[in-house]
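These notes concern the structure reproduced below.
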Amino acid sequence: MGTYRSSGSRSAPPWPGPATPSSLVAPTLPAPTPTTAMIPPSPVRGIDVSGYQRSIDWASVAPHVSFVYAKATEGKYYVNPQFTNEYNGPYDHGLIRGSYHFAIPSNSGGTVQADYFIAHGGGWSPDGKTLPGALDIEYNPYGPECYGLSASQMVNWIRDFTTEYAAREHAFPVIYSSTEWWKTCTGDATAFAADDPFWVANYARTGGKLPSGWPYYSFWQYSDSGSQPGDQDVFNGAYGQLQTLAGNG
């Protein structure tokens, strides 16, 4: 995705609010695999891709993965030129797909960026094949790691994004981040753990310690390279549970 840091770093291209409406999708996923599991913790493997990957042959990729997340947008200024291939290609080959937005909180507000994301491929359909959109919120590849925001300002920004997305798409977005960044830039906020599935980035033999509030991750990005294009991921559950998250059931 964007920039993940553990012992090293890499670069990529650049609701606690009102009561939850009953129409929103907040599936109760089990805690199937402890975060101390070894790779792979689940046979449900996936990848996430962006503009760095070009002309992916989905017929050759599809037998090896179950889901794909494709970068749709960044800030309020960028749309992935490879998005059509990376979003429709997996769907056409029987894979569960989703899209993600790379947040730039210093560029514009959370509500604005949620709307931009939705307008450029971030929408959700309860068809059993489309995952809720994901908010990629992490280290700033262009400046201060917390984008010049205090922890409370960052929490408010994320709340604006997730509230807008949920109100418009009737599904809570997934939140992608690293535990280190989340603790540093949100003060280890627990405000989103009840509703937003967590996608942890940790390039290690385990998913590692999670931010407070989330008892388990829903997705784990464990490497930025592997046998398939893009970053390598696993879903923390059975395939049927992934379908539930995609609105089937």
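We did not get these values from a lab; they are worked out from the coordinates using the rules stated. Here the structure is a predicted model, which is why all the values come from computation and not from measurement. Note: ideal-geometry Cβ built from the backbone for every residue, glycine included; neighbour counts use all protein chains shown.
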By a straight-distance test (C-alpha under 28 Å), which lysines pair with K183 as possible cross-link partners, with residues fewer than eight away in the same chain excluded?
K71, K76, K209
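How large is the convex hull of the Cα atoms of region 40-121 per residue, expressed in Å³ as a whole number? It would help to have the intermediate numbers written out before the result.
Values: hull volume 8.7 nm³, N = 82.
Per residue, the Cα convex hull of region 40-121 comes to 106 Å³.
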Enter the Cα centre distance for the pair region 156-185 and region 112-145, rounded to the nearest angstrom.
9 Å
Estimated inter-spin distance, S125 and R168, nm [label 7 Å along Cα→Cβ]:
1.8 nm
Could you state the principal axis extents of the C-alpha atoms in region 45-245, from the largest down, to the nearest angstrom?
45, 35, 31
